[in-house]
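Read through the structure below, which is laid out as structure tokens, and then see the notes.
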Amino acid sequence: MARPPKKRRWAQDRRSSLVIAGTGVLWLLALWLGEALDLSQRIRGLFDLMALGGFALGLWMTYDAWRARKRRDEEG
């Protein structure tokens with residue numbers, strides 16, 4: 001059974017917010033781990049780039065949900 005449009009929209013919003021929040025938590029964990037294990041700056045920079053990718057993904061998911069909502073509102 002397909003979800004009603006309102007629940008589907010909420011699911012998209014919830015998923016994008018979880019991606020952004022999860023990326024932030026994992027990034028903080030990676031920063032702490034890098035300091036605790038005295039990892040090189042190269043590895044720490046890799047963690048930063050992965051976090052940047054996660055935040056970009058969350059932003060894209062948010063934009064996509066906004067675009068879909070706008071398109072549905074224009075249709076009726």
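Here, each number is a calculation from the coordinates, and none is a lab measurement. Computed from a predicted model, the values in this text were never measured in an experiment. All Cβ positions, glycine included, derive from the backbone under ideal geometry; neighbour counts span all protein chains shown.
Some observations on this one:
Residues checked against (1) surrounded by 14 or more Cβ atoms within 10 Å (Cβ to Cβ); (2) of a type outside the set (Gly, Ala, Ser):
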site: ARG9; (1), (2): yes, yes
site: LEU18; (1), (2): no, yes
site: GLY24; (1), (2): yes, no
site: GLU35; (1), (2): no, yes
site: ARG44; (1), (2): yes, yes
site: ALA51; (1), (2): yes, no
site: LEU57; (1), (2): yes, yes
site: THR62; (1), (2): yes, yes
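- Of all residues in the range 1-29, those being of a type in the set (Lys, Arg), more than 14 Å from the chain's Cα centre (by Cα) and either in a helix (DSSP H, G or I) or at positive phi (or both) number 4.
- Residue match in the range 30-39 (condition: closer than 29 Å to ALA68 by Cβ and not in a helix (DSSP H, G or I)): no
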